[in-house]
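Colleague: I am attaching a structure below and will ask some questions about it afterwards.
The values are calculated or read from the model by the stated rules, or taken from the named source; none is laboratory data. These figures come from a predicted structure and were not determined experimentally. Here Cβ is always computed from backbone atoms with ideal geometry, including for glycine, and neighbour counts include all displayed protein chains.
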Ligand SMILES: NC(=O)c1ccc[n+]([C@@H]2O[C@H](COP(=O)([O-])OP(=O)(O)OC[C@H]3O[C@@H](n4cnc5c(N)ncnc54)[C@H](OP(=O)(O)O)[C@@H]3O)[C@@H](O)[C@H]2O)c1
């Protein structure tokens, strides 16, 4: 197995209060006219402005290839906001405030003249603020194919410069979108490139799952309460199921998906992030590196899959046509930009074993798929059944076990399923008691209203404040790849002649059920 490289860490403290204001800065979005910018970044920046979390001398520079002026770019962003499902109502005063601080520069990121143009625009914008040396946040909302050239040009042009410590001012920070590499080798190469030019404390590798309130709450729930943590181990937990199911298909991104497939798209990042948060030890403090150190330890403890393990431990499949939300939808191979003979998996289920004192012998089952029955992301901790049932004739195995479920989306919340006596009911044949599982339920919406902050809002604010806790460190991203790589390698060497199919709108293929059968359990 390849070994991820060790990267010197630069300790960054967690500085952030509950909703601190961003530092004064200029944010430069590379890919400023792309889908991510329109759907997620601009609405997130708008929300920060609405809550007065951006300083008066904030500035935003969108950079893309289109021929735009500042005004036409602002109009394009306004139009995108009106279509965004993140924004309910745009307040004109807030929008005007943001418009006055929004600018555009055109250019092709593979060419030097683009960076000269950006420099000229930044000089114009920043000189107005009267500050010679401004903090700069560079957001790479661009296809991975241009990450490398953009990073190299950024540094060579002097637009972004290396700083030697977290405390150095003005700060220059770089946000890199997922996917960070497509394999362990490519992630290591990208890390080398990034860390040749910048310090680790300047790099924010984004996984937007970590910006969700419900994901951050996993740590609060575990470590701010003392009732569950004593049970959170192999003595009381029988297994853990982590699901990230999507009801949508590839949504016009067939080209991207053909190269990615479900393991790169969902497992290497989101699912392994959920796994680390559910499985990690309490950190020594809530600082960025203390939290990330513990997450990395979990990844180090995952038993690596060797070639012979891949077949029984990982199931892959692809969706057929079917019905989702009452609408009939085509098979994956009929999606635009997908070849009719594609063997790209759109579903996978995987058993992960964590070889440490807490989790030895407790399987973690991970699954994710597109076009599944319902959109749902959750972590379900299934507890062991009692050794003996004292009530009635029902066998212990027949009883539904106690389960703690942390719902990440939608309907964010936590529920605990446990057994109670059915009122009045007696067992038919023996004078035992009837037992029924019931749920104790907490939902964020009910408790706090429906105004959870969108993930990108939280993460952008963290970048501007300098809190990297919710971003992936270089060793973390490489460890995650080192878990997924052997499976991709095995699949590459043993291409499927045909893939198991599942109808769109179902919970995946029959083969995924067999993965759990050996452990006498079922998917939720
Ligand atoms: N969209 C999402 O929901 C989403 C979610 C998670 C992560 N991401 C990640 O975010 C990144 C951007 O995704 P996206 O969906 O926004 O892609 P996109 O819609 O294709 O936008 C990419 C932007 O980059 C620009 N660009 C590409 N090559 C360029 C070059 N050589 N010079 C100048 N501009 C160039 C494009 O300009 P043109 O229009 O001129 O080509 C476009 O504005 C990707 O890494 C993706 O994996 C996206």
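Colleague: Among the residues that make up segment 268-277, is at least one of them touching a helix residue (DSSP H, G or I) at 6+ places or on another chain (Cβ under 9 Å) and either free of Cβ contacts under 8 Å to residues at least 12 places away in the same chain or outside any helix (DSSP H, G or I) (or both)?
Modeller: no
Colleague: What tally of residues in segment 119-146 results from selecting those that are modelled with pLDDT of 95 or more, part of a helix (DSSP H, G or I) and within 11 Å of the ligand (Cβ to nearest atom)?
Modeller: 0
Colleague: Does residue 218 fit the bill of being within 16 Å of the ligand (Cβ to nearest atom), within 30 Å of residue 380 (Cβ to Cβ), in contact (Cβ under 8 Å) with a residue 60 or more places away in the chain and under 17 Å from the mean Cα position of the chain (by Cα)?
Modeller: Considered against the rule, which asks whether it is within 16 Å of the ligand (Cβ to nearest atom), within 30 Å of residue 380 (Cβ to Cβ), in contact (Cβ under 8 Å) with a residue 60 or more places away in the chain and under 17 Å from the mean Cα position of the chain (by Cα), residue 218 comes out as no.
Colleague: Please work out if residue 265 is within 16 Å of the ligand (Cβ to nearest atom) and in contact (Cβ under 8 Å) with a residue 12 or more places away in the chain.
Modeller: yes
Colleague: In addition: Search segment 76-94 for residues being surrounded by 13 or more Cβ atoms within 10 Å (Cβ to Cβ) and over 24 Å from residue 256 (Cα atoms), and hand back the single one that is nearest to the ligand (Cβ to nearest atom).
Modeller: 76
Colleague: For segment 221-254, how many residues meet the condition of being closer than 14 Å to residue 378 by Cα and in a loop (DSSP other than H, G, I, E, B)?
Modeller: Residues in segment 221-254 being closer than 14 Å to residue 378 by Cα and in a loop (DSSP other than H, G, I, E, B): 1 in total.
Colleague: Next up: Taking the residues in segment 168-181 that are touching a strand residue (DSSP E or B) at 6+ places or on another chain (Cβ under 7 Å) and within 30 Å of residue 267 (Cα to Cα) as candidates, determine which candidate is farthest from the ligand (Cβ to nearest atom).
Modeller: Step by step, filter segment 168-181, then rank; the result is 173.
Colleague: Check segment 487-509 and report whether any residue there is in contact with a helix residue (DSSP H, G or I) (Cβ under 6 Å, 6 or more places away or on another chain), in a loop (DSSP other than H, G, I, E, B), touching a residue at least 12 places away in the same chain (Cβ under 8 Å) and crowded, with 20+ Cβ neighbours inside 10 Å.
Modeller: No, segment 487-509 contains no residue that is in contact with a helix residue (DSSP H, G or I) (Cβ under 6 Å, 6 or more places away or on another chain), in a loop (DSSP other than H, G, I, E, B), touching a residue at least 12 places away in the same chain (Cβ under 8 Å) and crowded, with 20+ Cβ neighbours inside 10 Å.
Colleague: Could I ask something else about it? Within segment 278-306, track down each residue that is under 11 Å from residue 483 (Cβ atoms) and assigned to a helix (DSSP H, G or I).
Modeller: 298, 299, 300, 301
For (1) within 16 Å of the ligand (Cβ to nearest atom); (2) crowded, with 17+ Cβ neighbours inside 10 Å; (3) modelled with pLDDT of 95 or more, each residue gets a yes or a no:
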site	(1), (2), (3)
16	no, no, no
41	yes, yes, yes
44	yes, yes, yes
48	no, yes, yes
59	no, yes, yes
96	no, no, yes
103	yes, yes, yes
108	yes, no, yes
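Colleague: OK, next. Does residue 165 qualify as being under 27 Å from residue 474 (Cβ atoms), at pLDDT below 95, over 19 Å from the mean Cα position of the chain (by Cα) and more than 13 Å from the ligand (Cβ to nearest atom)?
Modeller: When the stated conditions are applied, residue 165 passes them.
Colleague: Criterion first (in contact with a strand residue (DSSP E or B) (Cβ under 6 Å, 6 or more places away or on another chain) and in contact (Cβ under 8 Å) with a residue 24 or more places away in the chain) does residue 342 satisfy it?
Modeller: no
Colleague: Only one of (1) loosely packed, with under 14 Cβ neighbours inside 10 Å; (2) part of a loop (DSSP other than H, G, I, E, B) fails for residue 178. Which number is that?
Modeller: Unmet for residue 178, out of (1) loosely packed, with under 14 Cβ neighbours inside 10 Å; (2) part of a loop (DSSP other than H, G, I, E, B): (1).
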